[in-house]
Amino acid sequence: MICYRLHCATGHEFEGWFPSGEAFDRQRDAALVTCPVCGVTEIAKSLMAPAVAKTVETPPLPAVEQIRQALRRLRKEVEAQCDNVGTRFAEEALKRHDAGLEGDRQSARGIYGTMSDTERERLEDEGVDFTPVPWIDLTEN
């Protein structure tokens, strides 16, 4: 498809889409192309700048293995610095959040575990700060 900038004999400008340049010529010659403003069939192409696609150089993506290694390091760090509360994550996170609002100080260690989508929505609604982390199997190649 080609988009042409067109004008009629009375000076109105508009665009028209055509399957090809030849299709435009045939339709114009058969008086099938009309000005949408005044209905005149004397139509010509207007001068227009060509649309030239720019090539944008994208930075190379890190190799998959580099990403896996980074995720393995992240997992080891989380396991070393935080307590695994398993499926009680949402419950524990909410307790810590509520205790923090009341001024109580909990353990300096963080927690990690799993939660359902419903529990995630509840924590978000309650304003509990948490960060989902992609969890890679340490034995994965």
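The values are calculated or read from the model by the stated rules, or taken from the named source; none is laboratory data. Bear in mind that the values here come from a model prediction, so they are computed numbers and not experimental data. Reconstructed Cβ throughout: ideal geometry from the backbone, glycine too, with neighbour counts over all protein chains shown.
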When every residue in the stretch 1-46 that is under 36 Å from the mean Cα position of the chain (by Cα) and in a loop (DSSP other than H, G, I, E, B) is compared, the one modelled with the lowest pLDDT is M1
Any hit, the stretch 65-87, residues being surrounded by 10 or more Cβ atoms within 10 Å (Cβ to Cβ), on the phi > 0 side of the Ramachandran plot and at pLDDT 85 or above:
yes
Would you please name the residue that is surrounded by the most Cβ atoms within 10 Å (Cβ to Cβ), looking only at residues in the stretch 125-138 that are within 27 Å of I67 (Cβ to Cβ) and not β-branched (V, I, T)?
F130
Within the stretch 92-102, identify whether any single residue is outside the structural domain of G11 (by TED's automatic domain parsing), under 30 Å from the mean Cα position of the chain (by Cα) and at pLDDT below 85, and answer yes or no.
no
Could you look through the stretch 117-140, keep only residues that are without any contact (Cβ under 8 Å) to a residue 12 or more places away in the chain and over 22 Å from the mean Cα position of the chain (by Cα), and pick out the one that is nearest to D83 (Cα to Cα)?
D137
For the stretch 103-115, check the following and say yes or no: at least one residue is assigned to a loop (DSSP other than H, G, I, E, B), within 27 Å of the chain's Cα centre (by Cα), within 24 Å of P132 (Cβ to Cβ) and at pLDDT 90 or above.
yes
